[in-house]
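Below is one structure, written out as structure tokens; comments come after it.
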Amino acid sequence: MGTQLHMFLFPFMARGHMIPMVDMAKLLAARGVKVTVVTTPLNSIAISNSIHTSKSLSVSNIHLLILKFPTAEVGLPEGCENGDSVIAPAMFPKFISALNLLQTPFEEALMEHRPHCIVADILFPWVNDVAAKFGIPKLSFHGTCFFSFCAMEFVRIHQPYNHVSSDTEPFLIPHLPGEISFTKLKLPDFIREDIKSDVTDFLKTALESDSTSYGAIMNSFYELEAEYADCYRNVLGRKAWHIGPLSLCNQEIEEKSQRGKESAIDEHECLKWLDSKKPNSVVYVCFGSMTKFSSDQLKEIANGLEACGKDFIWVVRKVNGEDKEEDKKWLPEGFEQRMEGKGLIIRGWAPQVLILDHPAVGGFVTHSGWNSTLEGIAGGVPMVTWPVAGEQFYNEKLVTEVLRIGVGVGVEKWVRILGDFIKGEGVEKAIRRVMEGEEAEEMRNRVRELGEMARRAVLENGSSYSDLDALITELKLKFI
Ligand code: UDP
């Protein structure tokens, strides 16, 4: 028996980044790797909960290493350790300063534990220098897919948006297969050279330094986006291992419902509600962990849901929290009474994977975050894409134009947290397109097939299973 491979996993403190990395920890542990997840006190609670819902004995290979989050040092309120509590724009720079201050304790932890490899979120660019200093290989986790990462890099490097005369004039993304066009309005503010946001420098450094990593671990599977996986490796010229969909490592009801945060609804109650519905009859509406729509936008969504006449589960996170009194500002009068039995509103956190995997769910209105998109694909559910920020407008392109498993709701503008504005009629129309008629049937067939491919990819000898094997073998051969 050789020495056990030991990997440090360092997830960025936001749900959409922590959730897949905790799944990654479980997957690596199941292959006999010793995993140390490095995080901060409050985030460790959610991570520990998700690890311990697993019945697999291999989770004993997972350890938590807790670094104090320097909230006081940077002037953040106590308890503000996660991206989802960084709401006011003025808090962003402070949060970034706090992340940078983690470098010294991280180095001390490395010195003490001497792992063979580090997997760190792309949003910790300083880990590259630290890893080089200690002679440890560092793998990146981007939290997105090959398609969107390539698109983002080609746009960043070649700046094709400088050759259009308006924010709405389309330009082609250079080097990206498939003639994908885009507009300036859909670009993240941190990419554009002509505007500067409070996080521009931070995100630019992260993207620029990424090419010096040993490689990247992708939450995707080869069959989903083969052309783009090849493009990443051959055109961008970087190493990558695709090991997803990571969410599929959760098999049991408890595991699926305790990912990231405690659900605001009892999972059995939720399943009972879904069990009472016909196959493909329910639309699931959720915009991830960061988006917080205005009351006016929520009202339009309510109107759209009522007008389309479908049963629905709608997850609501509002600008001013989950205060019930606030409901009056955004719920159309009598909405909940009229929708009784037809619609379920979840105020807070939903057991998303459990819902998407249920046969009653026939459509997913999503902000197109990569985790949600891939979970929708794994569940075989066609999507209404409603990108808000991040790289979500690229993910929308993959879903609607390349894979053709969804339709866009019609948003045109990248707006962090709050999103572009869509009227109720637009919501109704898009939901009907993914739930009714021939076009919907074709999308459903395609996404179902992809869902089956996803399941095969993570089984023994599947493409993701084998790529994880290849990664572990390479690390063992070279670095133990
Ligand atoms: N999620 C969940 N319940 C919710 C909202 C989100 O379980 O009510 C999970 C979802 O399944 C996904 C993650 O949170 O795994 C969100 O990641 P994504 O990349 O889709 O979006 P982000 O939150 O990063 O914008």
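Only the coordinates and a few stated rules stand behind these numbers; no lab work does. This one's a predicted model, so the numbers in the text were calculated from it and none came from an experiment. Note: ideal-geometry Cβ built from the backbone for every residue, glycine included; neighbour counts use all protein chains shown.
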Fill in the blank from the handout: Charge tally for neighbours of Val282 with beta carbon under 12 Å away, counting Lys, Arg as +1 and Asp, Glu as -1, is +2
Practice task
Starting from the Cα-Cα distance between Glu425 and Thr473, subtract it from 0.36 nm times their residue separation and give me the gain in nm to one decimal.
Solution key: 12.0 nm
Handout entry: For region 359-409, convex hull volume per residue from C-alpha positions, Å³
Key = 59
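Can you give the extra length, in nm with one decimal, that the chain gains between Glu78 and His158 once fully stretched, where that is 0.36 nm per residue apart less the Cα-Cα distance? Can you show the working numbers first?
Values: separation 80, 0.36 × 80 = 28.80 nm, distance 4.15 nm.
This chain segment gains 24.7 nm when fully extended.
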Handout entry: Percent of C-alpha pairs per 10 Å bin, region 266-455, short to long
Key = 10, 40, 39, 10, 0
Exercise for the section: Could you give me the radius of gyration and the Dmax of region 1-101, taking only the C-alpha atoms into account and expressing both in angstrom? Expected result: 15.0, 53
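What is the sum of charges around Pro89, taking Lys and Arg as +1, Asp and Glu as -1, for the other residues whose C-beta is under 12 Å from the C-beta of Pro89? Please list the in-between numbers first.
On the way: positive: Lys94, Arg416; negative: Asp189, Asp198.
With Lys, Arg at +1 and Asp, Glu at -1, the net is 0.
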Exercise for the section: Give the Rg (one decimal place) followed by the Dmax (whole number) of region 157-249, computed from C-alpha coordinates and expressed in Å. Expected result: 15.5, 47
Completion exercise
Here, His52 and Arg233, labelled 7 Å along Cα→Cβ, have an inter-label distance in nm of 4.0
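Within 10 Å, at most 16 other Cβ atoms, and a DSSP state outside H, G, I, E, B define an exposed site. Report the longest part of the chain free of exposed GluC sites (Glu not before Pro). Working shown, then result.
On the way: sites that count: Glu78, Glu179, Glu193, Glu252, Glu262, Glu322, Glu333, Glu340, Glu412, Glu436, Glu460.
Counting only loop sites that pass the neighbour cut-off, the longest clear stretch is 79-178.
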Practice task
Assign one of three labels to the chain, namely rounded, prolate or oblate, based on the Cα gyration tensor with a ≥ b ≥ c the square roots of its eigenvalues; rounded applies when a/c is under 1.5, prolate when it is not and a/b is larger than b/c, and oblate otherwise.
Solution key: rounded
Handout entry: FRET efficiency, 1/(1 + (r/R0)^6) with R0 22 Å, evaluated for Ser466 and Thr212 via beta carbons
Key = 0.25
Practice task
Could you grab the relative contact order for region 266-455? Cα pairs under 8 Å, six or more apart, rounded to a whole percent.
Solution key: 26
Handout entry: Positive minus negative residues near Trp241 (Lys, Arg vs Asp, Glu; Cβ under 10 Å)
Key = -2
Practice task
Using DSSP, restrict attention to beta bridges with both residues in the chain and report what percent are antiparallel, rounded to the nearest 5.
Solution key: 5
Problem - Dimensions in Å of region 240-335 - Rg and Dmax from alpha carbons - result: 16.0, 52
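Strictly over 30 Å apart at the Cα level, which of Lys277/Lys299; Lys55/Lys292; Lys204/Lys292; Lys292/Lys429 would you flag in this model? Before the final figure, lay out each step's value.
On the way: Lys277/Lys299 25 Å; Lys55/Lys292 34 Å; Lys204/Lys292 25 Å; Lys292/Lys429 22 Å.
Lys55/Lys292, as the Cα separations exceed 30 Å there.
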